[in-house]
1. Considering every residue within the range 184-207, establish whether at least one is of a type in the set (F, W, Y), more than 30 Å from K254 (Cα to Cα) and touching a helix residue (DSSP H, G or I) at 6+ places or on another chain (Cβ under 7 Å).
2. With the condition being more than 24 Å from Q43 (Cα to Cα), I'd like the strands (runs of 3 or more DSSP E) fully within the range 126-204 carrying at least 3 qualifying residues.
3. Report, ordered by the first and then the second residue, all pairs with beta carbons closer than 7 Å, sequence separation of six or more or different chains, a first member in the range 250-271 that is open to solvent by less than 70 Å² (accessible area, probe 1.4 Å), and a second member that is among the hydrophobic types (A, V, I, L, M, F, W, C) and assigned to a helix (DSSP H, G or I).
4. Could you name every one of the helices (runs of 4 or more DSSP H) located completely within the range 1-101 that has at least 1 residues being in contact with a His (Cβ under 9 Å, 6 or more places away or on another chain) and either open to solvent by 60 Å² or more (accessible area, probe 1.4 Å) or at pLDDT 95 or above (or both)?
5. Looking only at the range 224-240, count every residue that is open to solvent by less than 90 Å² (accessible area, probe 1.4 Å) and in a helix (DSSP H, G or I) and tell me the total.
6. Which one of the conditions (1) under 15 Å from A199 (Cβ atoms); (2) touching an Asp or Glu at 6+ places or on another chain (Cβ under 9 Å) does V102 fail to meet, given that it meets all the rest?
7. When you go through (1) in a strand (DSSP E or B); (2) surrounded by fewer than 24 Cβ atoms within 10 Å (Cβ to Cβ) one by one for I114, which number turns out not to apply?
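The values are calculated or read from the model by the stated rules, or taken from the named source; none is laboratory data. The shown structure was predicted, so the numbers you read here are calculated from the model rather than taken from an experiment. Virtual Cβ from ideal backbone geometry, glycine too; neighbours counted across all protein chains shown. Quick note on the areas: whole protein, heavy atoms, side chains included, nothing else; ligands and nucleic acids left out. Shrake-Rupley method; radii C 1.70, N 1.55, O 1.52, S 1.80 Å.
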Amino acid sequence: MEHEHEHEFVLEIPEFEHLAYEVEEGIALVTLKRPEALNALSQSLLEELAEIPELVQQDPEVRAVIFTGEGKAFAAGADLKEIAAIKDPFMGREYALFGQRVFAEIAALPVPTIAAINGYALGGGLELALACDLRVAAKTAKLGLPEVGLGLIPGFGGTQRLPRLIGRGRALDLIFTGRHVDAEEALFLGLVNRVAEDALEEAKKLAQKILKNAPIALALAKESVVRGEGLDLAEALEIEADLFGYAAATEDMKEGVRAFLEKRPPSFKGE
């Protein structure tokens, strides 16, 4: 009986108002659903996004997560009515910290995450995409951090994640001008990994390619990259060696090597 109860608990999905969450073939698809507001990141939408990491980690079936938006936007920034209600620096700080916490939990997921940028990804929307591991843009996508034009700065991680991804000079160009870049320029800048007619379909193909590899190895590779950031090379290489050691002791490693030598596809079990 206990086993049955656990199984039900794993599959229990909250009733979301502004999100859709579905799992298919190991991929969790999270769709932002405020199309009338270009999927602007209201407090209530952020609160729902905050539930996603726990849902993903409770479900052993989920091996990758794709974030996308309904309609013509991925997410066109924060909700300006809520920003207009900020009265003092303390309220502003709490507002930024809340968004940062939500995105930090998404960034910390142990499985690969992909932003399928189907349209506008501006301000907080681009910051959500930056919290993902990989970004796929539709040819029609527009990306930018327009906050300085509103008398603000990016507050959900943009001033920190963007320079780490594309370098300080390129990041400051986008942040200082507040301009929108198209998908081709975003690809040139290293802001997105791929450009396609259909961002979601391309993101699914990319996820399927990733999922052919060993689950533990994927998690350890992500951990190695993330933990090594900001450390000097010698310390970071120590982390890599430790995590390589864990990977080398897995059953999946034995299966991977065996399959290669036997010239057959591997059958990984996440062990």
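1. no
2. Fully inside the range 126-204 and qualifying: 134-138, 194-196.
3. Close Cβ pairs satisfying both conditions: T250/I216; D252/I216; D252/A217; P266/A259; G270/I216.
4. 43-49
5. Final tally of qualifying residues: 7.
6. (1)
7. (2) is the only condition that I114 fails.
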